[in-house]
Amino acid sequence: MTSELMNIIESLIFVAQEPVSPEKLKSILSDFEGVEVESALTELEYAYAESNRGIQIQNAAGGYLFITRPEFDPWIKKMLHLDKKTRLSPAALETLSIIAYHQPLTLSEISAMRGVDSAHSLKTLLLKRLVKITGRKKSPGKPLIYRTSNKFLSYFGLNSLKDLPTPDEIEKILVEEQTNE
């Protein structure tokens, strides 16, 4: 039964638009025991990790999704006509990191931390769905409140914000890079 269950889980992850959580899989596969679903999911992860295939399963944003292996990016970009890499600008990356580490924040709080108007960078992040609006602050003017989205977690291969490097880890990495130059 595990082989059939693995195939079912594989097809559910394949058709999903967002990472599929183990809880969601268990609720969909209610005909099976939760332990069976977890076991089949673990075996499926192992099978993809051990195979040398063009796709792999990644655990991100609290769920599972299929991704292509990074070494095949040049061919995928060629097929999809993605000649120009759509990278985030340094300003957008700075804005995104401020939101990730200090959320929830308003536009004025983000701009104050950066020392410049961040409206354009924030708009870019909203369009790319890396950031989302989660409500309004109970203060004069009731400004919008921003947080990172599940797409942010998925994009950076994180399960949760707890997986972000700590300031000490970042400092250590920067020191190591400087000594290697």
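Where helices (runs of 4 or more DSSP H) sit wholly within region 81-180, those with at least 1 residues that are within 26 Å of GLY63 (Cβ to Cβ) and charged (D, E, K, R) occupy 150-155, 167-180. Looking across region 27-38, the residues that are among the aliphatic types (A, V, I, L, M) and either exposed (fewer than 14 other Cβ atoms within 10 Å of the Cβ) or not in a helix (DSSP H, G or I) (or both) come down to LEU29, VAL35. Pairs are defined by a Cβ separation below 8 Å, a sequence spacing of at least 6 or placement on different chains, a first member in region 151-173 that is at positive phi, and a second member that is hydrophobic (A, V, I, L, M, F, W, C); the pairs so defined are GLY157/ALA60.
Answer with yes or no whether GLY54 is of a type outside the set (A, V, I, L, M, F, W, C), farther than 27 Å from LEU161 by Cα and touching a strand residue (DSSP E or B) at 6+ places or on another chain (Cβ under 8 Å). For GLY54, the condition - of a type outside the set (A, V, I, L, M, F, W, C), farther than 27 Å from LEU161 by Cα and touching a strand residue (DSSP E or B) at 6+ places or on another chain (Cβ under 8 Å) - is met. Among the numbered conditions (1) over 28 Å from VAL20 (Cα atoms); (2) in contact with a strand residue (DSSP E or B) (Cβ under 9 Å, 6 or more places away or on another chain); (3) of a type in the set (Val, Ile, Thr), the only one that ILE98 does not meet is (1).
What do you reckon, is GLU171 at pLDDT below 85, of a type in the set (D, E, K, R), surrounded by 10 or more Cβ atoms within 10 Å (Cβ to Cβ) and outside the structural domain of ARG53 (by TED's automatic domain parsing)? It is true that GLU171 is at pLDDT below 85, of a type in the set (D, E, K, R), surrounded by 10 or more Cβ atoms within 10 Å (Cβ to Cβ) and outside the structural domain of ARG53 (by TED's automatic domain parsing). On inspection, LEU65 fails the criterion of being in a helix (DSSP H, G or I), out of contact with any Lys or Arg (no Cβ under 9 Å at 6 or more places or on another chain) and not acidic (Asp, Glu). Residues in region 160-180 that are within 21 Å of THR148 (Cβ to Cβ) and among the hydroxyl-bearing types (Ser, Thr, Tyr): 2 in all.
Of the residues that make up region 13-26, is at least one in a strand (DSSP E or B) and either of a type in the set (Val, Ile, Thr) or under 18 Å from the mean Cα position of the chain (by Cα) (or both)? Yes, some residue in region 13-26 is in a strand (DSSP E or B) and either of a type in the set (Val, Ile, Thr) or under 18 Å from the mean Cα position of the chain (by Cα) (or both). Do we have ILE57 as in a strand (DSSP E or B), surrounded by 15 or more Cβ atoms within 10 Å (Cβ to Cβ) and without any contact (Cβ under 8 Å) to a residue 60 or more places away in the chain here? It is true that ILE57 is in a strand (DSSP E or B), surrounded by 15 or more Cβ atoms within 10 Å (Cβ to Cβ) and without any contact (Cβ under 8 Å) to a residue 60 or more places away in the chain.
The values are calculated or read from the model by the stated rules, or taken from the named source; none is laboratory data. From a predicted model like this one, the values you see are computed outputs, not experimental measurements. Note: ideal-geometry Cβ built from the backbone for every residue, glycine included; neighbour counts use all protein chains shown.
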